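Novice: Have a look at this one.
Please treat every number below as a calculation from the coordinates, not as lab data. Computed from a prediction, not measured in an experiment: that's the story for all the values here. Quick reminder, even Gly has a Cβ in these numbers, built from the backbone with ideal geometry, and neighbours come from all protein chains shown.
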Amino acid sequence: MTFEKAAGAALVLLFLAGQPAKSQTTWSAVPNFTITANPNGAWSYGWEGFLGAPFSIYTVTDATSVPGMDAWLEDGAYPFNPPYVARNVTTTTICYETFCVPVTYLQFHPSSNDQYSVVRWTAPAQGVYTLEGAFIGLDHSGPTTTDVHVLVNSTVSLFQGEISSFNQPLPFQGTVGLRAGDTVDFAVGFGTDGNYDNDSTGIRCLIKLR
């Protein structure tokens with residue numbers, strides 16, 4: 001699925017993009033994830049009260065509650081106190097209670113009052129970037145019922161969709177022109193059912209400088 005028409009305001013930046021720095025040309029959300037620092041290079045992890053609200057960085061880490069899972073969260077312990085973003089740092093899928101997290105996706109989860117969990121990437125230089133990835137439901141009991149989004153600078157929608165399934169990827173891809181400091185957010189909310197139960201959602205994304 002390609003970026004939808006709402007991306008037009010961002011795509012116009014293609015004509016504004018100059019010659020970017022070439023020191024790094026590829027970023028990948030899953031292998032780049034770490035709980036040693038937030039922000040972590042171009043990546044940061046946090047939450048918003050609603051789409052477009054101020055972005056709050058997660059400050060709490062948890063690498064012990066579920067062996068093999070490293071998590072950033074707002075407060076409390078993983079996975080009992082969402083919102084959070086977590087990674088399976090082993091070599092095999094981890095299943096815990098009602099969700100299963102493969103090694104190929106980050107796991108994120110909205111809060112009980114629909115705080116959006118957000119994986120944010122910040123463009124290090126002006127240029128034209130390609131984005132390719134997918135969202136996926138990770139809860140096999142619910143299944144997952146969430147709303148998912150890709151946004152530039154918290155306001156320009158490149159992609160939005162609904163997850164109402166388990167282990168069925170919802171892909172996105174497209175090309176966008178960005179200035180240095182522009183942000184691309186991958187966000188998850190609790191969806192049209194109005195609750196956060198069984199809302200574990202996966203996100204993977206590869207970003208390349210053209």
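Novice: Among 164-174, 34-44, how do they line up by average Cβ neighbours within 10 Å per residue, starting with the highest?
Specialist: Working: 164-174: 16.6, 34-44: 14.9.
Per-residue mean Cβ counts within 10 Å order the peptides as 164-174, 34-44.
Novice: When you count, for each residue, the other Cβ atoms within 10 Å and take the mean per peptide, how do 91-98, 69-76, 45-52 rank with the highest first? Display every interim value, and only then the final one.
Specialist: Numbers: 91-98: 12.9, 69-76: 20.5, 45-52: 18.5.
Peptide ranking by packing, descending: 69-76, 45-52, 91-98.
Novice: Quick check on the chain: helices-only [θ] at 222 nm, where DSSP H runs of length 4 and up contribute -39,500 (n - 2.57) each and the sum goes over total residues. Nearest 500, please.
Specialist: Numbers: 1 runs with 4 residues, N = 210.
My calculation for the chain gives -500 deg cm²/dmol from helical runs alone.
Novice: Moving on. Order these by the 10 Å Cβ neighbour count, fewest first: L106, L178.
Specialist: Details: L106 23, L178 27.
Neighbour counts put them in this order, fewest first: L106, L178.
Novice: Please arrange R120, R210 by counting, for each residue, the other beta carbons lying within 10 Å of its beta carbon, fewest first.
Specialist: Least to most surrounded, the residues fall as R210, R120.
Novice: A further question follows. Could the peptides 182-188, 60-66 be put in order, highest first, of the mean number of other beta-carbon atoms found within 10 Å of their residues? Write out the running numbers ahead of the final one.
Specialist: Values: 182-188: 23.4, 60-66: 15.9.
The densest-packed peptide leads the list: 182-188, 60-66.
Novice: What is the ratio of the Cα radius of gyration of the chain to 2.2 N^0.38 Å, with N the residue count, to two decimals?
Specialist: Details: Rg = 16.1 Å, N = 210, 2.2 N^0.38 = 16.8 Å.
Cα-based Rg divided by the globular estimate yields 0.96.
Novice: Using the 10 angstrom Cβ neighbour count as an exposure proxy, how do H109, H149 rank, fewest first?
Specialist: Details: H109 28, H149 20.
Ranking H109, H149 by Cβ neighbours within 10 Å, fewest first, gives H149, H109.
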